[in-house]
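Working notes, structure below.
The values are calculated or read from the model by the stated rules, or taken from the named source; none is laboratory data. All values reported here derive from a predicted model rather than from experimental measurement. Cβ: placed from backbone, ideal geometry, glycine included. Neighbour counts: every protein chain shown.
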Amino acid sequence: MRSINTRHILSIALWSLTMVGCAPVSNSSPVGESISSHSPGQAAFVTDWSKPAAKGSAGAWASKQEWRPGRITFVNDPSSPKGGLVARIEVDPGDKVGGWTGERAEFSWMQDAQGKPFPVTAASGHEFYAVSVKLSPDWQGPAPDTYNKSVWGIIFQLHGDDSLGSSPAIALCATDSFHLEMDTGDVLQGGKRTKPQGVTPHEFSNGSLNKGQWVEFMMDIVWASDSKGSITVYRRDQGGASWQNVFQLKNTPTLQYATGHPVGDHYWKTGYYRSGSPFKSVLFLGPSARGNSFDSVALAAFGQK
């Protein structure tokens, strides 16, 4: 277990500066689409990058955070899961958006079909998430950050209430391997701690990076702030026909809170957030989706179950 929550504490202090346009940060209109109903067999959120949405309209990510224009672009990739546009994410040395620790280029906050925030709560129940990623052929794992000497690299992360000052509750990571990091349950451990202690890393049974090739992930999550939660991660490599179970954790919290406070809304971010490094990182994000059935989410994101 390692402690990296200091990077998030500094992030909170500077969040308001980022939101008012602290140059050269760009916070643009949402991208993607959302399906209006959340019925069995239908994805509730779909972002395939090919259907830009006007700000406040159906679905997508509410904001984009990049150090300067061009860090996040959209390119056509016929080899991607659906053979269309994908998001190209670039993070360079010094890309400290708003002065936060680490370096990043990310989208924040899923939106529902009415253009409102689409958080994760204890009432979210049992959900499935689809994410696909391709790392550049010359990919290097991030270096230790100069601020706190920790190493991290996150492509898909769930945050609890920012006032907690904690690391992400759940983070799908790409460093020298694909793996998961979690910081869930009572981050103050019943009052035994005055600040969160940081994440617990979880290795995948197959965490190979497959540089230059698409890797699809499905996350099966039961949301809970206590031991009633669970998370299972499935993987399918480019050209593969079947899913591989690479991680499973049962009887565990999947949400986070602090002693004496209720469980607040959680929100997703996607892109790349890394420890400060002296080289460029480039990755590509394909379709993503969220819903309440494995098959419908996989089909919406990847074009096949």
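Just the residues that are among the aliphatic types (A, V, I, L, M) and assigned to a strand (DSSP E or B), please, taken from the range 184-216. Selection gives Val199, Val215. Checked against the criterion of being without any contact (Cβ under 8 Å) to a residue 40 or more places away in the chain and basic (Lys, Arg), the candidates Lys149, Lys96 yield just one match: Lys149.
Inside the range 169-220, residues that are of a type in the set (Lys, Arg) and in contact (Cβ under 8 Å) with a residue 24 or more places away in the chain make up a count of 2.
Among the residues of the range 277-287, count how many are in contact with a strand residue (DSSP E or B) (Cβ under 9 Å, 6 or more places away or on another chain), modelled with pLDDT of 95 or more and in a loop (DSSP other than H, G, I, E, B). Residues meeting the conditions: 2. Given the criteria buried (at least 20 other Cβ atoms within 10 Å of the Cβ) and not hydrophobic (A, V, I, L, M, F, W, C), does Glu203 qualify? Taking the combined requirement at face value, the residue does not satisfy it. Every condition in (1) of a type in the set (D, E, K, R); (2) buried (at least 23 other Cβ atoms within 10 Å of the Cβ); (3) modelled with pLDDT of 95 or more; (4) farther than 25 Å from Asp295 by Cβ holds for Asp183 except the one numbered (3).
Only residues that are of a type outside the set (A, V, I, L, M) and closer than 14 Å to Ser275 by Cβ: list them for the range 85-107, please. Within the range 85-107, Asp92, Pro93, Gly94, Asp95, Lys96, Trp100, Thr101, Gly102, Glu103, Arg104 qualify.
Being more than 19 Å from the chain's Cα centre (by Cα) and of a type outside the set (Val, Ile, Thr) holds for only one residue in His266, His261, and it is His261. Hey, any hits in the range 53-69 for a residue that's at pLDDT 85 or above, of a type in the set (A, V, I, L, M), crowded, with 16+ Cβ neighbours inside 10 Å and touching a Leu at 6+ places or on another chain (Cβ under 8 Å)? For the range 53-69, residues at pLDDT 85 or above, of a type in the set (A, V, I, L, M), crowded, with 16+ Cβ neighbours inside 10 Å and touching a Leu at 6+ places or on another chain (Cβ under 8 Å): absent. Of all residues in the range 157-170, those satisfying the criterion of being in contact with a Leu (Cβ under 9 Å, 6 or more places away or on another chain) and surrounded by 24 or more Cβ atoms within 10 Å (Cβ to Cβ) are Leu158, Gly160, Pro168, Ala169, Ile170. Checked against (1) in a strand (DSSP E or B); (2) free of Cβ contacts under 8 Å to residues at least 24 places away in the same chain, Arg290 passes all but condition (2). Before we move on, is Gly260 farther than 30 Å from Gly191 by Cα, out of contact with any strand residue (DSSP E or B) (no Cβ under 7 Å at 6 or more places or on another chain) and modelled with pLDDT under 95? Criteria not met by Gly260. Checking each residue in the range 217-257 for being outside any strand (DSSP E or B) and surrounded by fewer than 20 Cβ atoms within 10 Å (Cβ to Cβ) picks out Asp226, Ser227, Lys228, Gln238, Gly239, Gly240, Ala241, Ser242, Trp243, Lys250, Asn251, Thr252. Taken over the range 147-178, the criterion of being under 11 Å from the mean Cα position of the chain (by Cα) and not in a strand (DSSP E or B) is satisfied by Pro168, Ala169. Among the residues of the range 111-134, is there at least one that is under 27 Å from Lys211 (Cα atoms), assigned to a loop (DSSP other than H, G, I, E, B), out of contact with any His (no Cβ under 9 Å at 6 or more places or on another chain) and not acidic (Asp, Glu)? Within the range 111-134 (the criterion being under 27 Å from Lys211 (Cα atoms), assigned to a loop (DSSP other than H, G, I, E, B), out of contact with any His (no Cβ under 9 Å at 6 or more places or on another chain) and not acidic (Asp, Glu)), the answer is no, since none of the residues qualifies. Scanning the range 258-305 for residues that are among the charged types (D, E, K, R), surrounded by fewer than 18 Cβ atoms within 10 Å (Cβ to Cβ) and over 24 Å from Asp138 (Cα atoms) returns Asp265, Asp295, Lys305. Within the range 221-247, residues that are in contact (Cβ under 8 Å) with a residue 24 or more places away in the chain reach partners that are surrounded by fewer than 14 Cβ atoms within 10 Å (Cβ to Cβ) and charged (D, E, K, R) with beta carbons closer than 7 Å, at six or more positions or on different chains, in the pairs Ser230/Lys250.
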